[in-house]
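Worksheet for the structure shown next.
The values are calculated or read from the model by the stated rules, or taken from the named source; none is laboratory data. Remember, predicted model here, so these are calculated numbers, not experimental data. Reconstructed Cβ throughout: ideal geometry from the backbone, glycine too, with neighbour counts over all protein chains shown.
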Amino acid sequence: MRKLLATLCCMTLIFSLFSMSALATEPGDGNIEGGGGGMGDGTSTNFWNPGNDGVRITVVNAETGNAISSSVDFSNRAQSGSALHFGKINKLEYMGGATLSPQSGVAYTCLKPTNAMPTIISSGGRNNIEAIKRYFCSEYACMMVADATGVDYEDLIGGEYKLLLEPIAYFTYNGLYYCMTATQAALYDQIVSGNLRSKMASLSHQNLPLAMYLEYDDLGLTAWNGTTSGKKSNSEIISYLGVGIVRFTELPPQDLDTPDVEYRVDTDVITSITLEAGSRLTPDNPGRVVFMIMGRRYTVSNIVIPASDSQVVWVKWHTPDTPQTIEISVSVRGGSVGQDTFTAKIVDLDENPPPDPLATDTSPGYTIPSVPRNPQKATANWGVWDCYWVPDWQWHSDWDWVDSSYTDADGNEVDDGYWEDNGEWVDEGDWEYDYTAYTASISGRMSLLPDDIVPTASGKNMKSGYGVKTEVTATLSTSAPSGHYTYPQTAFSVFPEFNYQTYWRLLQRTSGGRSAKFTFKENEYSTYNRCVHFTPVWFPDNTQYVIYTQVWDTWTPDGMLSVEVTDYVRINDSLFDDWYTNRE
């Protein structure tokens, strides 16, 4: 079986890094790329030693990304248990809303592989990503992970799981020894108002996050298509960088026509790019980005960015009310972007509602499916550079001789005079930069109840065949200016009788703003024009009927936020049990 998996999954990974037979078989396929750049000079209280790195590995469900074991850290060097750390939280958990939490008093633990890992974090130039792939896709590494996590090896490589990899740096910051993944470093930098970046940027915001990133989208994470060198922003790191994935099934065929982004019709959206500045952009020579969307120019001017840094630049616009595919182009002055043309697909979700439920419907052998769990982006991080002038007035001398020669009483010429400074004050100041970081998060809840006119309902208990009503609330939390986000706009539900597939209902938004509410639309098959969904009359007794809903289209410069919510009613008996005849 292992040989078969190696043939199916690792066709692009031919050579083994080690001569050991245990490393010759590669049951996994790595979705990992890497980059980096040179390291600056450290200080006695802020430094990193090359090679002092590691990897955090989490076994996750291949479909949902949910962790099925605790994360485990590996390093080639023995690490001190007193290292300051934030716990073994993985990137998907942070993107799902987990917060950074210092583990005060909790000893740090790390395993040292018997066969050393390749260098993970480059200390100058591009890292050896092919060696990293070969190592972590090898049979040896997969068995090492299985043993450390307690997951059976055959189960691990069977296709139901993936390995989430995150590079770790061990370094000294402000005189204290830390352990951080790239995501943790970016989140921590936000907490300390950019101080980590100011002292450790070549590590924390360049070589650590660029040590690994995705070649293609997976587990709800988006592939990185920006530059592979230079310092990156906190939002870029949190959303895209410092992560790799090992899979144990064939890569699904790639649809060459897959759009870069998908929007819904008649919706406020945000389109964003990351502008990289090789030399600094100041108010004297600012950057500019022009978005061309559906024949209209959207110009973002007066962009300021420090040298070798970056910033997300965006435009908010409204999609048309008909489905179509459009091209979005970007032109830049004063920097560069990783991609300047995007394909956007605009879709209408209100085109596939469930069919008319009939009293004669049956479903022999039906088994209630598991409620889906899909990766969601519940938090967003971005920021904006500002630039201001710091004066430094210096006196520039300009000495001139003032001749005051004269003729004395005896008629002799007497040379005389003095030097006079006719200089001026000159401002030799310079531009300084401030970075304002913003965050946003979304939360939701759902209430599902029998429709008000169901005659025999009690609380959440009802008979099958009747309608249910819902109210979904999605709340956006952010302190950013209004131009930085859109409110929650779209919600849709899927149902267990269709195995949470095939059909869905687009909900109607009944109130907007930061806390938006959604309900079912009026059901075209309802005799009383009710805003309901009808439960199937054949649904099994003594079960929970669970509806799954996603709320989309809360847009930020860091992408779209989404949240999934569920609720249930309990089914027992059917509406046929309420039918009777009354004969005299």
message: Between S336, S363, which is surrounded by 15 or more Cβ atoms within 10 Å (Cβ to Cβ) and among the hydroxyl-bearing types (S, T, Y)?
response: S336
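Surrounded by fewer than 22 Cβ atoms within 10 Å (Cβ to Cβ), in the same structural domain as A78 (by TED's automatic domain parsing) and among the basic types (K, R): which single residue out of K162, K112 fits that description?
Values: K162 fails: surrounded by fewer than 22 Cβ atoms within 10 Å (Cβ to Cβ).
Only one candidate qualifies: K112.
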task: Using the structure shown, decide if T473 is at pLDDT 95 or above, more than 14 Å from D553 (Cβ to Cβ) and surrounded by fewer than 20 Cβ atoms within 10 Å (Cβ to Cβ).
output: yes
query: Quick one: Q324 ticks every box in (1) in contact (Cβ under 8 Å) with a residue 60 or more places away in the chain; (2) surrounded by 11 or more Cβ atoms within 10 Å (Cβ to Cβ) bar one, so which box is it?
result: (1)
Within the stretch 372-415, tally of residues that are under 30 Å from Q190 (Cβ atoms) and surrounded by 10 or more Cβ atoms within 10 Å (Cβ to Cβ): 17
field: Subset of the stretch 254-299 that is among the basic types (K, R) and more than 30 Å from W389 (Cα to Cα) - its residue that is nearest to the chain's Cα centre (by Cα)
entry: R264
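Restricting the search to the stretch 72-85, which residues are part of a loop (DSSP other than H, G, I, E, B) and touching a strand residue (DSSP E or B) at 6+ places or on another chain (Cβ under 7 Å)?
Once the filter is applied, which keeps residues that are part of a loop (DSSP other than H, G, I, E, B) and touching a strand residue (DSSP E or B) at 6+ places or on another chain (Cβ under 7 Å), the stretch 72-85 yields Q79, S80, A83, H85.
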- request: Look at S308 and say whether it is touching a residue at least 12 places away in the same chain (Cβ under 8 Å), farther than 18 Å from M560 by Cα and within 23 Å of the chain's Cα centre (by Cα).
  value: yes
- prompt: Quick one: P102 ticks every box in (1) surrounded by 15 or more Cβ atoms within 10 Å (Cβ to Cβ); (2) modelled with pLDDT under 95; (3) under 23 Å from the mean Cα position of the chain (by Cα) bar one, so which box is it?
  reply: (1)
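For G459, are the conditions met, namely being closer than 17 Å to V546 by Cα, in contact with an Asp or Glu (Cβ under 7 Å, 6 or more places away or on another chain) and not hydroxyl-bearing (S, T, Y)?
Against the criterion (closer than 17 Å to V546 by Cα, in contact with an Asp or Glu (Cβ under 7 Å, 6 or more places away or on another chain) and not hydroxyl-bearing (S, T, Y)), G459 does not qualify.
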- prompt: Counting only residues that are crowded, with 21+ Cβ neighbours inside 10 Å and out of contact with any Ser or Thr (no Cβ under 9 Å at 6 or more places or on another chain), which one in the stretch 31-73 is modelled with the highest pLDDT?
  reply: G65
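Taking the residues in the stretch 521-571 that are part of a strand (DSSP E or B) and of a type in the set (D, E, K, R) as candidates, determine which candidate is surrounded by the fewest Cβ atoms within 10 Å (Cβ to Cβ). Don't jump to the end; show me each part of the working.
So the first thing to find is which residues in the stretch 521-571 are part of a strand (DSSP E or B), and the list is 533-534, 543-556, 559-571.
If we keep only those that are of a type in the set (D, E, K, R) as well, we get 553, 564, 567, 570.
Working: D553: 21, E564: 17, D567: 20, R570: 15.
Restricting to residues being part of a strand (DSSP E or B) and of a type in the set (D, E, K, R), the top hit is R570.
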task: Give the residues of the stretch 260-289 that are of a type in the set (S, T, Y), over 28 Å from Y216 (Cβ atoms) and not in a loop (DSSP other than H, G, I, E, B), sorted by residue number.
output: T282
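Within the bounds of the stretch 121-141, is there any residue that is among the acidic types (D, E) and modelled with pLDDT of 90 or more?
yes
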message: What's the number of the only condition in (1) in a strand (DSSP E or B); (2) aliphatic (A, V, I, L, M); (3) closer than 28 Å to T99 by Cα that M292 fails to meet?
response: (3)
message: Pull out all pairs, ordered by first then second residue, where Cβ-Cβ is under 7 Å, the residues are six or more apart or on different chains, the first lies in the stretch 410-430 and is in contact (Cβ under 8 Å) with a residue 12 or more places away in the chain and over 14 Å from W399 (Cα atoms), and the second is of a type outside the set (S, T, N, Q) and surrounded by 11 or more Cβ atoms within 10 Å (Cβ to Cβ).
response: G429/W389
task: Please determine, by comparing only the residues of the stretch 489-517 that are among the charged types (D, E, K, R) and not in a strand (DSSP E or B), which one is nearest to the chain's Cα centre (by Cα).
output: R514
query: What is the residue count in the stretch 371-409 for residues that are in contact (Cβ under 8 Å) with a residue 40 or more places away in the chain and more than 30 Å from Y485 (Cβ to Cβ)?
result: 2
message: Of everything in the stretch 146-162, what is more than 29 Å from the chain's Cα centre (by Cα) and either touching a residue at least 40 places away in the same chain (Cβ under 8 Å) or part of a helix (DSSP H, G or I) (or both)? Give them in sequence order.
response: D147, Y153, E154
- line: The correct count of residues that are under 30 Å from L275 (Cα atoms) and of a type in the set (A, V, I, L, M, F, W, C) in the stretch 373-423 is 8
